[in-house]
1. If Leu63 passes every condition in (1) assigned to a strand (DSSP E or B); (2) open to solvent by 40 Å² or more (accessible area, probe 1.4 Å) but one, which one does it miss?
2. So, in the range 70-102, exactly how many residues are more than 22 Å from Ser134 (Cβ to Cβ), surrounded by 13 or more Cβ atoms within 10 Å (Cβ to Cβ) and out of contact with any Lys or Arg (no Cβ under 8 Å at 6 or more places or on another chain)?
3. Scan (1) under 30 Å from Ala15 (Cα atoms); (2) open to solvent by 70 Å² or more (accessible area, probe 1.4 Å); (3) out of contact with any strand residue (DSSP E or B) (no Cβ under 7 Å at 6 or more places or on another chain) for the single condition Tyr47 breaks and write down its number.
4. Here is a list: Leu122, Leu116, Leu73, Leu103. Which entry is within 19 Å of Gly26 (Cα to Cα) and hydrophobic (A, V, I, L, M, F, W, C)?
5. Out of the range 121-144, which residues are open to solvent by 40 Å² or more (accessible area, probe 1.4 Å) and not in a loop (DSSP other than H, G, I, E, B)?
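The values are calculated or read from the model by the stated rules, or taken from the named source; none is laboratory data. Computed from a predicted structure; not experimentally measured. Ideal geometry is used to build each Cβ from the backbone, glycine not excepted, and the neighbour counts take in all protein chains shown. Calculation scope for accessible area: heavy atoms of the full protein, side chains included, ligands and nucleic acids excluded. Shrake-Rupley method; radii C 1.70, N 1.55, O 1.52, S 1.80 Å.
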Amino acid sequence: DELRSLPERLRSPFARVELTVVEAKGLATKDASMLGGGSSDPYVIIYTEGTRAQVTSCKESTLNPNWNEIKNLELAGADSVVHLVMFDRNRMVKDEFMGELVLPLSKMPLDRGASLDAWYTLEQPPSKRDDSVSGELRLVIRVSDMREAASRVKGAAPPLGAAQVAAA
């Protein structure tokens, strides 16, 4: 197997990120009530390149869910992103899109031990213009380990430092 013959430093992830999906607020109503109003049953799928997607639990009948779920992610390179997509769970029909968020590694706290606790507005990609999207997602992000790019692949760019992130 070619992968097993690579040195450990080339097989290991570029960065490890501890992502806490804390809560959301102001989400769009996807499940209408016969009495007016309504709610949603939100959950989040977290995608990173080259790894299996991770999923939060589903919070039933709420537009302001609390998860407090920690997901440990492995990112492949300095240009890696974490893609979060929120859906409303439905029992009889396809789950409905509620919004998404794309977080590049370059926007994460890169100083050892630093974390970022912030609210992010859910976005709607151009391909989903018919869906209503609203609300914010609170995340706590901590990069727990990052490799020096130069030690991983000869000629690779070094990881972005805090000064470069602030300038971005």
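1. Evaluating Leu63 over (1) assigned to a strand (DSSP E or B); (2) open to solvent by 40 Å² or more (accessible area, probe 1.4 Å) leaves (1) as the failure.
2. Adding up the residues that qualify gives 7.
3. Only one criterion is unmet by Tyr47, namely (3).
4. Leu122
5. Of everything in the range 121-144, those that are open to solvent by 40 Å² or more (accessible area, probe 1.4 Å) and not in a loop (DSSP other than H, G, I, E, B) turn out to be Thr121, Glu123, Pro126, Ser127, Lys128, Glu136, Arg138, Arg142, Ser144.
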